[in-house]
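Colleague: Here you go, one structure.
Read the figures in this text as sums done on the coordinates, not as results from a lab. Predicted, not measured: the structure shown is a model, and the values here were computed from it. We place every Cβ from the backbone using ideal geometry, glycine too, and count neighbours over all the protein chains shown.
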Amino acid sequence: MRPALSRRVRDSWPLLLPSAYLLHLAEEWWGGEGFASWTARALGRQVSPSRFLLLNGIVWPLFAVLTVMALRKPALAWFPTTFSSIVLVNGVLHALGSLATGSYSPGVVTGVLLYLPLGAYGLVVGRRRLPPRTFALAVLAGILVHVLVAVIAFA
């Protein structure tokens, strides 16, 4: 019985993704001066607070539902790899933003401590479990989704 429980827990790791995303959003909102103010000061282009809330108010529930569905439907097995790519890219960008500006980028703590290891783990798992073409497309989709969200956020 114990190995089955261990396998079930191991196979449920994607549930950490929406949890990490929620913690990351909290840090971006309440951390330091807040992500909206930091982007205006550090990047010269603000992600408005209303756009931040609207965008993440749509994306977080969507990603949470897709993550749960991916655990139940083999046809969506690619989604945790896509989500992992998104968080990995986001964690790297937060770290680079903090390094480049010499300031605290709200989201960098969860980006480095949660997103980098979780994203890397997700890519390792995806590489092992998905066919090579599916894996590559899932990673590419994650990168493209991150770019799209950034374009919408800064529009």
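Colleague: Of the numbered conditions (1) touching a residue at least 40 places away in the same chain (Cβ under 8 Å); (2) over 13 Å from Leu17 (Cβ atoms); (3) surrounded by 15 or more Cβ atoms within 10 Å (Cβ to Cβ); (4) of a type in the set (Val, Ile, Thr), Thr101 fails exactly one; give the number of that condition.
Modeller: (3)
Colleague: With respect to the numbered conditions (1) outside any helix (DSSP H, G or I); (2) under 17 Å from Gly111 (Cβ atoms); (3) charged (D, E, K, R), which one is the sole condition not fulfilled by Glu28?
Modeller: Looking at each condition in turn, Glu28 falls short on (1).
Colleague: Another question about this same structure. Taking only pairs six or more apart or across chains, which ones have beta-carbon atoms under 6 Å, a first residue in the stretch 33-58 that is at positive phi, and a second residue that is surrounded by 13 or more Cβ atoms within 10 Å (Cβ to Cβ)?
Modeller: Between residues of the stretch 33-58 that are at positive phi and residues that are surrounded by 13 or more Cβ atoms within 10 Å (Cβ to Cβ), the close pairs are Gly34/Pro106.
Colleague: So, one more: Give the residue that is nearest to Phe83 (Cα to Cα), with candidates limited to residues of the stretch 10-46 that are among the polar types (S, T, N, Q) and touching a helix residue (DSSP H, G or I) at 6+ places or on another chain (Cβ under 7 Å).
Modeller: Taking the stretch 10-46 as the starting set, the residues that turn out to be among the polar types (S, T, N, Q) are 12, 19, 37, 39, 46.
Cutting the leftovers down to touching a helix residue (DSSP H, G or I) at 6+ places or on another chain (Cβ under 7 Å) gives us 12, 46.
Values: Ser12: 14, Gln46: 25 Å.
Once the filter is applied, the top-ranked residue is Ser12.
Colleague: Evaluate the following for Leu88: is it closer than 18 Å to Leu148 by Cα, surrounded by 20 or more Cβ atoms within 10 Å (Cβ to Cβ) and under 11 Å from the mean Cα position of the chain (by Cα)?
Modeller: Yes, satisfied.
Colleague: Go through the stretch 128-155 and report how many residues are more than 15 Å from Val47 (Cβ to Cβ), in a helix (DSSP H, G or I) and either among the hydrophobic types (A, V, I, L, M, F, W, C) or free of Cβ contacts under 8 Å to residues at least 24 places away in the same chain (or both).
Modeller: Qualifying residue count for the region: 13.
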